[in-house]
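Report on one structure; see the data block that follows.
The values are calculated or read from the model by the stated rules, or taken from the named source; none is laboratory data. Because the structure is a prediction, the values reported are computed rather than measured. Here the Cβ positions follow ideal geometry from the backbone for every residue, glycine too, while neighbour counts run over all protein chains shown. To get the accessible areas, we keep the full protein, side chains included, count just its heavy atoms, and leave off ligands, DNA and RNA. Shrake-Rupley method; radii C 1.70, N 1.55, O 1.52, S 1.80 Å.
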Amino acid sequence: FFLKFASPKRKNMTSPFTHNRTASGNDFLSRKKDVNQIAANIGNGTHTVIYEPPKTGKQSAVRMAVSMLDQSAYRLTDIDLQNAPFITDPDCRTDTSDILTYTFPKRKDTSRRDIVYIRNFQNILKLDNWDRVLAAASREMPSDGSTVYVITGSGINAMKYIFEVQKHFYRMYDRVTLSPIDERAVTEHISKTFLRVGRVVEQEQAEYIYDIVDGHPWYIWQIADICFNLTKGYLSNTVITEAISTMLYIHSVRFSGIMDNLSRYQVYFLKAVFDGIAKASSADVISAYHLNSSANVHRLKEALTKKEVLVFDSQDTPRIIDPLFRLWLERFYFKTEE
């Protein structure tokens, strides 16, 4: 039998900014092209895979796409692999056939096309037999269009490993890369939301909130929400500074935990990336950052990608995944004495 550990549903707060719930309706900004692509894939029976950083709008985009479809013609099954090792039984025995039955359910209503939406797919890798599960899943995934899968994951490097390195589900899906949230749409939304209750935000202030977290929607709405609650008339720059400091304080335990989980050499390598070093394999960089050797650099890159701290692009250039974490490193951990 199965034990499904579902997160308790959070009640909608009074916040006018949607950092505490899935964005929908007028709160869903831009990404029209992405949503249309997901909806089109579902309509023509093409499986979709999306992997983006946590809290960047994957679920909002998928649900917006599903809402555009004729609801009488589709049936949605929502599966969350957040607690993947506990899917099967209390003894945590993840039998391949059991997890396949859970993740790839059989059709129940042949009069409608099934949409199976699987979240946190990267957690498949937490299973002892993940390689057998994925190999079997590749065989199980239907190709006749009767059931269409939308698979999302927040572990960018883990998802890349599944779909790009191991090449599971090869040529069986369309990868949708979410576009950045449009800056103009965000700043206008912030301005209009404040104006609704007689509060004023300058354009430059809204742009600063967007830029300070590199357009990360979850962080934008949290900062905007704090500013909203601290403002009675005109938003001041002092309030924005206080809101950002509050955000860094709220997330500091999580960020400290990330650093505590890194070895000394991993911290050295992260500092090199933080300093803008694109290639850390040169003798000068290895010496300056105490990285020991080029072989050690390779191991450090591998470790920091597995821990989802860094991501490397097609040119092997590293980037710190979380923009607020990078800001925390700048203001606290790697702060230089003035």
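Residues checked against (1) surrounded by 15 or more Cβ atoms within 10 Å (Cβ to Cβ); (2) at pLDDT 70 or above; (3) closer than 30 Å to LEU230 by Cα:
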position	(1), (2), (3)
PHE17	yes, yes, yes
PHE28	yes, yes, yes
ALA39	yes, yes, no
ALA84	yes, yes, no
ASP89	no, no, no
PHE104	yes, yes, no
LYS108	no, no, no
*Among (1) crowded, with 17+ Cβ neighbours inside 10 Å; (2) modelled with pLDDT of 95 or more, where does THR193 come up short?*
(2)
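Might you check whether a residue that is farther than 30 Å from GLN37 by Cα, of a type in the set (A, V, I, L, M) and out of contact with any strand residue (DSSP E or B) (no Cβ under 8 Å at 6 or more places or on another chain) occurs anywhere in the range 204-216?
Our first condition is that a residue be farther than 30 Å from GLN37 by Cα; within the range 204-216, this holds for 204-205, 208.
The next check asks that each one be of a type in the set (A, V, I, L, M); those that pass are none.
No, that holds for no residue.
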*Please state which one of SER245, SER293, SER281, SER252 is loosely packed, with under 14 Cβ neighbours inside 10 Å and farther than 30 Å from THR193 by Cα.*
SER293
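In this structure, does ASP211 turn out to be assigned to a helix (DSSP H, G or I), open to solvent by 40 Å² or more (accessible area, probe 1.4 Å) and not hydroxyl-bearing (Ser, Thr, Tyr)? Walk me through how you get there before you give the answer.
On the way: assigned to a helix (DSSP H, G or I): yes; open to solvent by 40 Å² or more (accessible area, probe 1.4 Å): yes; not hydroxyl-bearing (Ser, Thr, Tyr): yes.
Taking the combined requirement at face value, the residue satisfies it.
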*For the range 313-334, indicate whether the set of residues that are more than 24 Å from the chain's Cα centre (by Cα) and open to solvent by less than 20 Å² (accessible area, probe 1.4 Å) is non-empty.*
no
_Evaluation of VAL267 against (1) free of Cβ contacts under 8 Å to residues at least 12 places away in the same chain; (2) open to solvent by 30 Å² or more (accessible area, probe 1.4 Å) (one fails), failing number_ = (2)
*Determine if the range 215-237 includes at least one residue that is part of a helix (DSSP H, G or I), surrounded by fewer than 21 Cβ atoms within 10 Å (Cβ to Cβ), over 25 Å from the mean Cα position of the chain (by Cα) and at pLDDT 95 or above.*
yes
*With respect to ILE286, is the statement that it is within 21 Å of ILE156 (Cβ to Cβ) and surrounded by 14 or more Cβ atoms within 10 Å (Cβ to Cβ) true?*
no
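Looking only at residues in the range 198-208 that are open to solvent by 30 Å² or more (accessible area, probe 1.4 Å) and touching a residue at least 12 places away in the same chain (Cβ under 8 Å), which one is farthest from the chain's Cα centre (by Cα)?
Of the residues in the range 198-208, the ones open to solvent by 30 Å² or more (accessible area, probe 1.4 Å) are 198-200, 202-204, 207-208.
With the extra rule that they be touching a residue at least 12 places away in the same chain (Cβ under 8 Å), the set shrinks to 198-200, 202-203, 207-208.
Numbers: GLY198: 34, ARG199: 32, VAL200: 31, GLU202: 29, GLN203: 28, GLU207: 22, TYR208: 22 Å.
So the residue we want is GLY198.
Mind checking which residues of the range 115-132 are aliphatic (A, V, I, L, M) and either closer than 20 Å to THR77 by Cα or open to solvent by 30 Å² or more (accessible area, probe 1.4 Å) (or both)?
First pass over the range 115-132, keeping only residues aliphatic (A, V, I, L, M): 115-116, 118, 124-125, 127.
Those that are aliphatic (A, V, I, L, M) and either closer than 20 Å to THR77 by Cα or open to solvent by 30 Å² or more (accessible area, probe 1.4 Å) (or both): ILE115, VAL116, ILE118, ILE124, LEU125.
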*Only residues that are within 16 Å of ARG319 (Cα to Cα) and of a type in the set (S, T, N, Q): list them for the range 249-271, please.*
GLN266
*Between residues in the range 163-178 that are at negative phi and open to solvent by 50 Å² or more (accessible area, probe 1.4 Å) and residues that are in a loop (DSSP other than H, G, I, E, B) and acidic (Asp, Glu), which pairs lie under 8 Å by C-beta distance while being six or more apart or on different chains?*
THR177/GLU52
*Starting from the range 60-85, keep only residues that are more than 17 Å from THR147 (Cα to Cα), then list their pairs with residues that are open to solvent by 40 Å² or more (accessible area, probe 1.4 Å) and part of a strand (DSSP E or B) whose Cβ atoms are within a distance under 6 Å, requiring at least 6 positions of separation or different chains.*
ASP80/ARG119
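For residues that are assigned to a loop (DSSP other than H, G, I, E, B) and among the β-branched types (Val, Ile, Thr), scanning just the range 156-187, find the one that is nearest to PRO318 (Cα to Cα). So that I can check it myself, show each step before the final result.
First pass over the range 156-187, keeping only residues assigned to a loop (DSSP other than H, G, I, E, B): 166-172, 176-182.
Those left that are additionally among the β-branched types (Val, Ile, Thr): 176-177, 181.
Numbers: VAL176: 22, THR177: 19, ILE181: 22 Å.
Ranking the candidates gives THR177 first.
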